[in-house]
Amino acid sequence: MKKLLLTTALVGFAAGAAQADDVPLGIILGFTGPLESITPAMAQAAEMAIAEVNESGNFSLGTVTSVRGDDGCIDSGMAVATAERLVTSDRVLGIVGADCSGVTGAILQNVARPNGVVMVSPSATSPALSTAEDDGLFFRTAPSDARQGQVVSDILVDRGVESIAISYTNNDYGAGLADSIQAAFTAAGGTVTMVASHEDGKADYSAEVGALAAAGGDVLVVAGYVDQGGRGIIRSALDLGAFDTFELVDGMIGDSLLEAMGDEIQGSYGQLPGADNPGTETFQGLAEAAGFDGTSAFAPESYDAAALIMLAMAAAGSTASADYKDHVMDVANAPGEPIYPGELGRALEIIAAGGDVDYVGASAVELIGPGESAGNYRELEIRGDAFETVRFR
Amino acid sequence: MTLRHASYFLLMAVLLVLVGVLQSWSVAMGLLNMCLISAILALGVNIQWGYAGLFSVGTMGFVALGGLAVVLTSMPPVHEAWSAGGLGVLGGLAIGVLAIIAAVQVHRRMAKGWARLAVQAVVVIGGFFLYRAVLDPAVDAIEGTNTAVAGYLGGAGMPVILSWVVGGLLAAGAAWVIGKVSLGLRSDYLAIATLGISETIVAIMKNEDWLSRGVRNVNGLPRPVPYEVNLQNNPDFVAWAQSFGFDAVEGSSIFVKACYAVIFVVVLALIMWLSERAWNSPWGRMMRAIRDNETAAKAMGKDVKKRHLQVFILGSAVCGIAGAMLVTLDGLLTPATYQPLRFTFLIWVMVIVGGSGNNWGAVLGGFLIWFLWIEVEPIGIWAITNLTAAMPEDSGLRAHLLDSAAHVRLLTMGIILLLVLRFAPRGLIPER
Amino acid sequence: MDFLNALVLLGNFVLIPAISYGSQLALGALGITLIYGILRFSHFAHGDVMAFGTMAVILVTWWLQGMGVSIDPLPTALLALPVGIAVAAGLLLGTDRTIYRFYRKVKAPPIVVVMASLGVMFVVNGLVRFIIGPDDQNFADGARFLFTVRDFKEATGLDEGLGLRWSQLITIVVTLAVMSGLFWFLNRTRTGKSMRAFSDNEDLALLSGINPERVVAVTWLIVAVLVTVAGTLYGLDKSFKPFTYFQLLLPMFAAAILGGMGNPLGAVAGAYIIALSEVGVTYAFRKFFQYLLPESMEPSGLMQLLSTDYKFAVSFVLLVFVLLFRPTGLFKGQSI
């Protein structure tokens, strides 16, 4: 009986394994943890790109499948274990992910590099990743936070803000972003009265806000997560009457913020990666048809990350990371025919015919230097019950 | 060790092999490495609890210090930061230490009374402000240097294996200070005090960026074993791996993990051998005597407080070594991952389940509980999927249960602990 | 005028937050100290039992809200409190029956019981996450502010403002009511007196015919009231998240030990001391002194003693100091 059970288990296991002409891609995002409210849309966007490529019938290397994995966003031990399983057991040939910068670095060093697998992160924005050892395997469709710091400073200066206080979430993302905002704003002639951290997951932030209020400032810049301490800081600042206007970084843009206190923070502003790009609208239409919210943070970047991997595979004529890693920059940048969302089939045709493509995609992809997005942002302002796009930067 | 106890270890081996066959060998080897480290951690706690009956729940702090030691020992020094504020930091720290020593001396030498209290207050408060005045600008200078990749003082640039010893020493030093302060307390007070102190240690590591980059993490720590990429590019290795039927990537991954496993086994064996020697020595008998009847031991002229301090330091040092090994295995230091449930209470469950007061029991507990900690989640998902198979596909309850499968872990650990405490209070391999 | 401004500033940023936080801690610490006094062990599952009781309150609140019940401007959760207390009492009495009673019978050393409470902590922790999930839950409704900072400024004409939320007012009022009820019970009723006798001298109490199981059961019932009320107030005032409640264990224990384990009055005092020093030590006093001092002496720095990162460490430093110099706590607690 035992033998029978074991055999069934083994057969079941083997059935789950990849078939020869399958091209499995890993989608490693924080389905639990501080970004859990935006990751479902990110994963669906990536899977939408995969479905589009399969349906076009122009991808000659096999059928692309996806395997989801949870990195917990801030739990590097869990992230490495997940990636390890996807790469060694599910044999994924490329990774869309990870989402948070810390775990992205951990997966890159402990799994992607040792196993030689390409990673394209849609949302890891830490400047430290620009200089990380990556053997040419790591790319990101999100810009580095060094760029966001500059954008925040520009927005503040344009709005005539002279002094700010910064509250950041106490991890590598928050600390890195706070550094770059402080540097950029000071260079532009503004005053930073205080840079203080907050721990996520605490119930009470009155002490943090008390210190920030004592330091003063026209605007409080909140560099945190919308479902975590960032929201607590804003709540507390409103309750104590410490600040009225907030500048919100990309991690803070989310509908849950509007639901919780939309009418109290009218006129606050922030920014998200994005460009004045016809592709963005096309993507949102496609997303709506596929049944998810295309305006959700980092969903366009996720679509682009998956698309880039598959186009690079096609351009290299191989699904091996070592072969296609050198083609990622080529398909992403000019020269070539510009490619927008929904045109992946056409792009594959052009590549098959020996032509050149310039992938623009949903987020105006333009990879620079160490394989990261050049960084276009849209400035948002809270008006009524929505984030409205004010302009592009 | 009886036949029955040996069979427990055999069962453990079978479980790991089963993971290798059913999931992948790479996963199984990863699990084995973590089991080995858990076993060392459990040994450390067993020295404190099993030998001497000290209820210290500060394990997490010593593990974290061990991790810190890896950065301080093995990373190359950042010269830019040293010239920016190295002296200032050292000076500030020296002032802090001197102020504390001065306060203790005042306490010893002056007669009790308001005058002593006043002088002490002046020394402590004055020292604190002087310390901040010297330290703060230096810290700002250091943290201003190229924060994206550095912004800290770096380490000593020495071989990473050495950091395991340093980790043990660092933890021992901290344990000496903590023990001096809190070992006089009653058992539950000691628990709360150590719990608080371990949280404080982690908070310092998270917020003192000049020390180890705080929450920015330190990536790319040196390794005592070869890198997979280099192995894959080495034709001799590739040929060798293929002779076992592995391709280059999988072979290199397993080979590296095996190297770690060999080193870890050596460390574990060494600590185990020393622990067993200590247990069977007159010193060990004396510790047990103190544990079982403190008053009698005191009457026999044993210095209970001193012995407690000794055993507290030893146990903490072992935890520090394990912490350093853990960070070396991960290749990065992330202070945010240190959580009391995972690094203190889980270790306690290992010791209680394995058998407190028995080194073999602690090792078995380390293996078994870590294995369950990792594998209970997939088993839980499997169980829930099957139990709810009858429910409709879109049932809200079913979706909720599947979403919550991860929390089965905590539940299982609690139930195991309660059952063992009630029905086998001496653990799987009881004290002889 | 400047003096008033300084006072209002301090009130808004230090006193009111500290007092409401201290009240919530006080209720939790009272529970810990009672268990310690009667059952003689440190109850590590306290924070998680608190989360469990609050979870029951939240579920009932949602149900009531769904039925359209409301007592505006007061939060609906107050109506759900009795159910939450009953659930928490059920859990506590159940764990006592299945787990702690066994160790009482065999006269196990306290440390073993503490271990068992660790096990209960794991289980309850898992149960709460299993039922309601690990995320933030919002269950506060009713009016938010009694008066806001802006209202205050307009009414008084001062530069600084003071806001008071309903949740803070409710916290303070309910805490006062529960505490006076408890002290009345302990000092004036027969059962309360027998509890104190049991805590002071177990053997003597047994000799005079006090039924220990009854004393224990009553203790758990009181603890159920205390933790559920504390947890609900905390959740209303801030937010409900299981992990936060687990972390509350540390300041609650610090408060109980600071005041003297087993001494209810001490626990209350300890809680307010901890809350005040946590907020006070990390507050930046620059603006405060700007109002009070003449311009020439105005401080240039933030006047912050300790960065807010180390907020929670304050309670431990206090704790260690007290334990070193007065091991029985500020008010004389018992030590067995």
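The values are calculated or read from the model by the stated rules, or taken from the named source; none is laboratory data. This is a predicted model, so every value here is computed, not measured. Cβ atoms come from the backbone with ideal geometry, glycine included; neighbour counts cover every protein chain shown. These area figures cover heavy atoms from the full protein model, side chains too; ligands, DNA and RNA do not enter into them. Shrake-Rupley method; radii C 1.70, N 1.55, O 1.52, S 1.80 Å.
Remark: region B:242-250, residue by residue, has Karplus-estimated 3J(HN,Hα) of 5, 5, 9, x, 9, 7, 4, 5, 5 Hz, where x stands for each Gly or Pro and the curve is 6.51 cos²θ - 1.76 cosθ + 1.60 at θ = phi - 60°. Computed from Cα atoms, the angle from the helix C:16-39 axis to the main principal axis of chain C rounds to 10 degrees. Each residue of region C:1-129 gets 145 Å³ once the volume of the Cα convex hull is shared out per residue. Computed over region A:319-393, the Cα gyration tensor eigenvalues convert (square root of 5λ each) into semi-axes of 31, 15, 11 Å, ordered from largest to smallest.
Note on residue C:62: accessible area approximately 90 square angstrom, rounded to 10, probe 1.4 Å, nucleic acids and ligands left out. State the answer as a single residue: which of A:83, A:66, A:112 lies farthest towards the positive end of the charge dipole of region A:52-128, with beta carbon charges of +1 for Lys and Arg and -1 for Asp and Glu, about the Cα centre. Result: A:112, furthest along the dipole toward the positive end.
How big is the Cα convex hull of the protein assembly as shown in projection, averaged over all directions, in nm²?
Numbers: hull surface 191.5 nm².
Across all orientations, the protein assembly as shown yields a mean hull projection of 47.9 nm².
Counting, for every residue in C:303-309, the Cβ atoms of other protein chains within 10 Å of its Cβ and taking the mean gives 6. Taking chain B as a Gaussian network of alpha-carbon nodes connected by springs under 10 Å, the highest mean-square fluctuation of the residues B:141, B:111, B:133 belongs to B:111.
Axis of helix C:212-237 versus longest Cα principal axis of chain C: the two differ by about 20°, to the nearest ten degrees. Once R0 is set to 25 Å, what does the formula 1/(1 + (r/R0)^6) return for the Cβ-Cβ distance between residue C:67 and residue C:265, expressed as a FRET efficiency to the nearest 0.05? It comes out at approximately 0.05. Beyond 19 Å in Cα-Cα separation lie the following of the pairs B:180/B:305; A:202/C:238; B:180/C:311; B:112/B:302; C:153/C:287: B:180/C:311; B:112/B:302. The Cα trace of region B:221-346 gives Rg and Dmax of 21.8, 70 Å, the first to one decimal, the second as a whole number. Only Cα sites of region A:216-280 enter the Debye sum here, all with the same form factor; the resulting log10 I(q)/I(0) across q = 0.12, 0.14, 0.19, 0.20 1/Å is -0.30, -0.40, -0.69, -0.75, listed in q order.
In the complete set of protein chains, residue-level accessible area for residue B:250 is approximately 40 Å², probe 1.4 angstrom.
Output needed for chain A: three equivalent-ellipsoid semi-axes, defined as square roots of 5 times the C-alpha gyration tensor eigenvalues, in descending order, whole Å.
Values: eigenvalues 285, 114, 66 Å².
In descending order the semi-axes read 38, 24, 18 Å.
Bridgeable lysines around residue C:105 (alpha carbons under 24 Å apart, same-chain partners fewer than 8 residues away excluded): C:193. Between residue C:289 and residue C:173, the simple spin-label model (points 7 angstrom out along Cα→Cβ) gives 3.9 nm. At full extension, residue B:140 and residue B:2 could sit 43.7 nm farther apart than now, given 0.36 nm per residue minus the alpha carbon distance.
Charge dipole of region C:2-325 (Cα centre as origin; +1 on each Lys and Arg Cβ, -1 on each Asp and Glu Cβ, all else neutral): 1180 debye, rounded to the nearest 20. Per-residue mean of foreign Cβ neighbours for B:48-56 is 1 (Cβ atoms of other chains, 10 Å radius).
For residue A:163, the amide hydrogen comes within under 5 Å of the amide hydrogens of A:191, A:218, A:219, counting only partners 5 or more places away or on other chains and with H modelled in the peptide plane. Taken over the alpha carbons of chain B as equal point scatterers, the Debye sum produces base-10 log I(q)/I(0) values at 0.10, 0.12 Å⁻¹ of -0.83, -1.12. Report the antiparallel proportion of the DSSP beta bridges in chain A as a percent, rounded to a multiple of 5. Among the beta bridges of chain A, antiparallel pairing accounts for roughly 25 percent. By the beta carbon rule, with partners counted only under 4.7 Å, the protein assembly as shown holds these lone Cys residues: B:35, B:259, B:319.
With θ taken as phi - 60° and the Karplus curve 6.51 cos²θ - 1.76 cosθ + 1.60 applied, the whole-hertz 3J(HN,Hα) list for region A:381-393 is 9, 7, 10, x, 10, 8, 7, 9, 6, 8, 6, 10, 10 Hz, x standing for glycine and proline. Taken along its three principal axes, the alpha carbon spread of region A:23-127 comes to 38, 30, 25 Å, from the longest extent down to the shortest. Taking the protein heavy atoms of region C:15-119 in the context of the full set of protein chains, the accessible area attributed to carbon and sulfur is 72 percent at 1.4 Å. Hey, how many Å between the Cα centroid of region B:104-142 and the Cα centroid of region C:219-283? First find each Cα centre; the distance between them is then 31 Å.
Between residue C:147 and C:164, the built amide H atoms are under 5 Å apart, and every one of these is 5 or more places off in sequence or on another chain. Compared with the rule-of-thumb size 2.2 N^0.38 Å for a compact globular protein, region A:146-261 has a Cα radius of gyration ratio of 0.95. With a 10 Å cut-off around each Cβ of C:93-100, the average count of Cβ atoms from other chains is 1.
The distance linking region A:246-287 with region C:87-128 is 48 Å (Cα centroid to Cα centroid, whole angstrom). Near the amide H of residue A:223, within less than 5 Å, lie the amide hydrogens of A:167, A:168, A:169, all on another chain or at least 5 residues away, with H placed in the peptide plane. Each residue of region A:243-250 was assigned a 3J(HN,Hα) from its phi angle through the Karplus curve 6.51 cos²θ - 1.76 cosθ + 1.60 (θ = phi - 60°); the sequence is 9, 10, 10, 10, 9, 10, 7, 4 Hz, with glycine and proline shown as x.
Taking N as the number of residues in region B:281-432, what is its Cα Rg relative to 2.2 N^0.38 Å? Provide the component values of the computation, followed by the final result.
Working: Rg = 20.7 Å, N = 152, 2.2 N^0.38 = 14.8 Å.
For region B:281-432, the normalised Cα radius of gyration is 1.39.
Rounded to the nearest 20 debye, the dipole size of region A:146-261 about its Cα centre is 160 debye, using +1 on the Cβ of Lys and Arg and -1 on the Cβ of Asp and Glu.
Nearest 0.05, what FRET efficiency do residue A:356 and residue B:342 give at R0 = 45 Å with Cβ-Cβ as r?
Working: r = 51 Å, r/R0 = 1.12.
For R0 = 45 Å, the calculated efficiency reads 0.35.
Taken over chain C, the percentage of Cα pairs per 10 Å bin, counting from 0 up to the bin with the maximum distance, is 6, 23, 31, 23, 11, 4, 1, 0.
Treating the beta-carbon of each Lys and Arg as +1 and of each Asp and Glu as -1, no other charges, what is the dipole magnitude of chain A about its Cα centre, to the nearest 20 debye?
Values: 18 positive and 55 negative charges, 206 e Å.
Using Cβ point charges on Lys, Arg, Asp and Glu, chain A gives about 980 debye.
For a distance above 21 Å, tell me the whole-number percent of Cα pairs in region B:78-153 that qualify. Don't jump to the answer; show the numbers that get you there.
Numbers: 1183 of 2850 pairs.
The proportion of pairs with Cα distances above 21 Å equals 42 percent.
Largest GNM mean-square fluctuation among A:307, A:353, A:334, using chain A with Cα springs under 10 Å: A:353. From largest to smallest, the equivalent ellipsoid semi-axes obtained for region B:22-139 from the alpha-carbon gyration tensor read 41, 26, 9 Å. Relative to the longest principal axis of the Cα atoms of chain B, the long axis of helix B:59-74 lies at roughly 90 degrees.
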